[in-house]
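So the structure is just underneath, and the comments pick up after that.
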Amino acid sequence: MQSRRLGLVSTRLRYFQTVVQLGSIRRAAQTLNVAPSAVSRTIQQLEQELGTPLFERARQRLKLTSAGEILVYHARASGTELGRASAFIGDLQGLRRGSVSIAAVESATRGLLPDVLSRFWRRYPEIVVKVRTAGSSEAFRAVLDSDCDLAVVFDVRASKSAQRLAGAVLRLGALVRPDHRLAGRREARLRDFAGERLLLSDASLTLGSTVEAAMMESAVELGARSITNSIHLMADFALRGLGTTFQTRVGVERELERRELVFIPLSDPQLRPRKLLLIARSKVHLPEAPAALAKMLTEAIGALNPN
């Protein structure tokens with residue numbers, strides 16, 4: 001983080017945040033390259049000055065107290081703002097240095113994001129882009145908690161603390177090899193895949209709950225060969241002919257372009273289109289580089305909408 005590199009974050013706060021991130025004083029000490037006693041003493045001093053414990057200590061595990069959670073939230077927010085301040089100062093000096101942080105669903109990191117970042121780095125070659133792969137809820141929360149500047153997510157509900165910069169409505173479809181019996185169909189329904197080995201996403205992904213709900217409503221029983229939280233793994237299995245998976249086009253653009261996979265839109269009325277969204281915090285003015293990345297992502301996501 002730029003604010004830490006410049007020494008804008010106090011040692012006490014840096015030690016505290018590292019302990020929170022790693023979950024133990026010993027691991028934090030290893031990362032900080034100091035003695036565990038130094039970290040423990042610093043945390044105790046911070047607790048004494050605040051007049052309240054920041055951690056609950058039970059069975060050698062550390063859990064944040066309510067006061068600790070409050071401090072974490074505001075420490076992250078202040079660190080983010082200090083980083084933005086540093087970036088704005090860099091903008092004034094024409095340095096075009098610093099960092100941008102983005103949390104994105106896995107499918108967006110397979111095609112959409114690399115394509116956008118290749119253009120971004122031609123304009124801002126010195127900017128470090130921190131990419132976190134996460135589920136939609138986790139990525140959305142990262143923006144709300146000021147851990148990330150931007151998030152690319154599916155189907156999250158609106159919040160007063162976040163603003164939607166872009167959105168695309170995407171149909172769900174079946175991903176199959178060109179030699180699949182249904183590869184020539186313009187559309188298909190879930191029941192058309194009865195008896196096949198399917199590659200399904202688990203309940204940790206919004207995709208999994210969407211498909212499962214549609215299967216229950218349509219009274220279709222489908223057999224699973226694999227259940228996973230990895231979009232990449234499902235696409236790779238489909239590419240190898242090991243089964244059929246249900247996804248959007250996002251994340252398999254190259255396989256579709258090379259005709260290694262075929263996308264068959266699903267027409268089941270229970271399957272509502274998915275919404276891919278670009279999210280940022282409300283009422284936050286981004287420095288030049290994050291704003292430029294947001295603009296490029298806005299254009300790329302907008303282009304996904306059907307004409």
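Dipole size in debye (nearest 20) for the stretch 128-197 around its Cα centre, Lys and Arg Cβ +1, Asp and Glu Cβ -1?
Details: 14 positive and 9 negative charges, 64 e Å.
I would put it at about 300 debye.
Ignoring ligands, DNA and RNA, what percent of the accessible area of the chain is carbon or sulfur (1.4 Å)? Intermediate results must be reported in sequence, preceding the final value.
Numbers: 8020 of 16490 Å².
Percent of accessible area from carbon and sulfur atoms in the chain: 49.
Computed with a 1.4 Å probe over protein heavy atoms only, the accessible surface of the stretch 158-227 comes to 58 Å² per residue.
A simple rule links phi to the HN-Hα coupling: the Karplus curve 6.51 cos²θ - 1.76 cosθ + 1.60 with θ = phi - 60°, which for the stretch 224-229 gives 9, 8, 8, 10, 8, 9 Hz, with x for Gly and Pro. Summing Lys and Arg as +1 and Asp and Glu as -1 over all other residues whose Cβ lies under 14 Å from the Cβ of PHE246 gives a net charge of +2. Measuring how big the stretch 121-163 is from its alpha-carbon positions, Rg and Dmax come out at 12.2, 34 Å.
List the GluC sites (Glu not before Pro) in the stretch 178-242 that DSSP assigns to loop (not H, G, I, E or B) and whose Cβ has at most 15 other Cβ atoms within 10 Å. Which are they? Those satisfying the criteria are GLU187, GLU221. Give me the 1.4 Å probe accessible area per residue for the stretch 248-307, excluding ligands and nucleic acids, in Å². I get 50 Å² per residue for the stretch 248-307. For ARG123 and GLU253, a Förster radius of 35 Å and the Cβ-Cβ distance give a FRET efficiency of 0.95, rounded to the nearest 0.05. Spatially close Lys pairs in the chain, defined by Cα atoms under 24 Å apart and a spacing of eight or more places or different chains, total 9.
Applying the criteria of a DSSP loop state and at most 14 other Cβ atoms within 10 Å to the trypsin sites (Lys or Arg not before Pro) of the stretch 222-307 yields ARG240, ARG258, ARG259, LYS283.
Among ALA174, GLY184, SER204, flag the residue with its Cα farthest along the positive direction of the charge dipole of the stretch 117-207, charges on Cβ as +1 for Lys/Arg and -1 for Asp/Glu. Final value for the positive-end residue is GLY184.
Counting pairs of alpha carbon atoms under 8 Å apart in space and at least six apart in sequence, what relative contact order in percent does the chain give?
Details: 515 pairs, mean separation 66.5, N = 307.
Averaging sequence separation for qualifying contacts and normalising by length gives 22 percent for the chain.
Net charge in the neighbourhood of LEU182 (other residues with Cβ under 13 Å of its Cβ; Lys, Arg +1, Asp, Glu -1) is +2.
The values are calculated or read from the model by the stated rules, or taken from the named source; none is laboratory data. Since the structure is predicted, the reported quantities are computational estimates derived from the model, not experimental observations. Virtual Cβ from ideal backbone geometry, glycine too; neighbours counted across all protein chains shown. For accessibility, only protein heavy atoms count, side chains too; no ligands or nucleic acids. Shrake-Rupley method; radii C 1.70, N 1.55, O 1.52, S 1.80 Å.
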